[in-house]
Amino acid sequence: MADAGCMGVYIGIESIHRRVGAKSPKRQVVEQAIKAAHQAGLIVMGSMILDITGTETEESIKKTVEWVIDQGLDLLQYSLLAALPGSLTRQLAIAEGRLISVNPEHCDGAWPTVEHPILSPKQRIELLRDAYYRTYSVAGVGRRILGHSNRPLNIFANTIVNKMAHRWWDKVDYDHWEKTRNLV
């Protein structure tokens, strides 16, 4: 891929603690793919839904973020499970009485929309903010840049995402979610 001019690869990682579906790759396979991509000088982008299985705890989410940092994923999008209008997730949440936000603006993955059996909405918002902060703080970005063979591209990409993450995590808070969750 690198020889063909590719600069990066995207890996969708639903959970490192439990396979979400039959097609979900095993953790070891994902780790090998990340290592091989880095050895080829590619940027590795990924996404994780922090509360997808309903079995997550504060500890398991913090371990997930540590795993991301340890694996050196270059760019990562964290999100919360979103019950999008018309989706099976939303239909199930309504049928089970677990839909906790009807505001369509909350369907971007930054806000709790479905009740979690273990974590409160406030905990999930705080854990999401912390995940972004730890991943995109100056120290987090620095660790990834130093360990990457394609530093110029990595510096450019992480600088942009660092600025976007700062703007985002400064506005996301529980009080805002609570005040706006029933807006239609």
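What distance in nm separates the simple spin-label points at Val172 and Glu105, each placed 7 Å from Cα in the Cβ direction?
According to this spin-label approximation, the distance is 1.6 nm.
In percent, what relative contact order does the chain have, based on Cα pairs under 8 Å that are 6 or more apart in sequence?
Here the relative contact order equals 22 percent.
If you line up the long axis of helix 121-136 against the longest principal axis of the chain, both from Cα atoms, how many degrees apart are they, to the nearest 10?
Computed tilt is about 10 degrees.
Contour minus end-to-end for Ala139 and Met7, with contour as 0.36 nm per residue of separation and end-to-end as the Cα-Cα distance? Mind showing how you got there, number by number?
Details: separation 132, 0.36 × 132 = 47.52 nm, distance 2.36 nm.
That pair, Ala139 and Met7, stretches by 45.2 nm at full extension.
Restricting to DSSP H runs of at least four residues, report the calculated mean residue ellipticity at 222 nm for the chain, -39500 (n - 2.57) per run over all residues, nearest 500 deg cm²/dmol.
-15000 deg cm²/dmol
Which length gain, in nm to one decimal place, applies between Met164 and Thr57 when the Cα-Cα distance is subtracted from 0.36 nm times their residue separation?
Taking Met164 through Thr57 to full extension adds about 35.8 nm, to one decimal.
When the Cα atoms of region 33-130 are enclosed in a convex hull and the volume is divided per residue, what value in Å³ results?
For region 33-130, the hull spanned by Cα atoms encloses 108 Å³ per residue.
Please give every one of the lysines within straight-line cross-link reach of Lys63, meaning a C-alpha to C-alpha distance under 20 Å, and leave out same-chain neighbours fewer than 8 residues apart.
Lys26, Lys35, Lys122
For the chain, take the longest principal axis of its alpha carbons; what is the angle in degrees between that and the long axis of helix 58-71, to the nearest 10 within 0 to 90?
For helix 58-71, the angle is close to 20 degrees.
Determine, for Ile61, Ile118, Ile145, the number of other Cβ atoms within 10 Å of each Cβ, and report the residues in order from fewest to most.
Result, fewest neighbours first: Ile118, Ile145, Ile61.
Calculate, axis by axis, the spread of Cα positions in region 76-147 along the three principal axes, and write the results as whole Å, longest axis first.
The Cα atoms of region 76-147 stretch 48, 23, 18 Å along the principal axes, largest first.
Enter the angle in degrees (range 0 to 90, nearest 10) between the Cα long axis of helix 151-171 and the first principal axis of the Cα atoms of the chain, meaning the one along which they spread out most.
20 degrees
Mind checking which of Met164, Pro112, Leu81 is farthest towards the positive end of the chain's charge dipole, using Cβ charges of +1 (Lys, Arg) and -1 (Asp, Glu) about the Cα centre?
The listed residue farthest towards the positive side: Met164.
Express in whole angstrom the spacing between the alpha-carbon centres of region 111-184 and region 40-74.
12 Å
Taking the C-alpha atoms of the chain, how large are the radius of gyration and the largest Cα-Cα span, Dmax, in Å?
When restricted to Cα atoms, the chain yields Rg and Dmax of 17.1, 51 Å.
Please tell me the relative contact order of region 90-184 in percent, rounded to the nearest whole number, where contacts are Cα pairs under 8 Å and at least six residues apart.
Computed value for region 90-184: 37 percent relative contact order.
Where a number appears in this text, it was derived from the coordinates with a stated rule and is not lab data. All values reported here derive from a predicted model rather than from experimental measurement. Note that we place each Cβ from the backbone using ideal geometry, even for glycine, and neighbour counts take in every protein chain shown.
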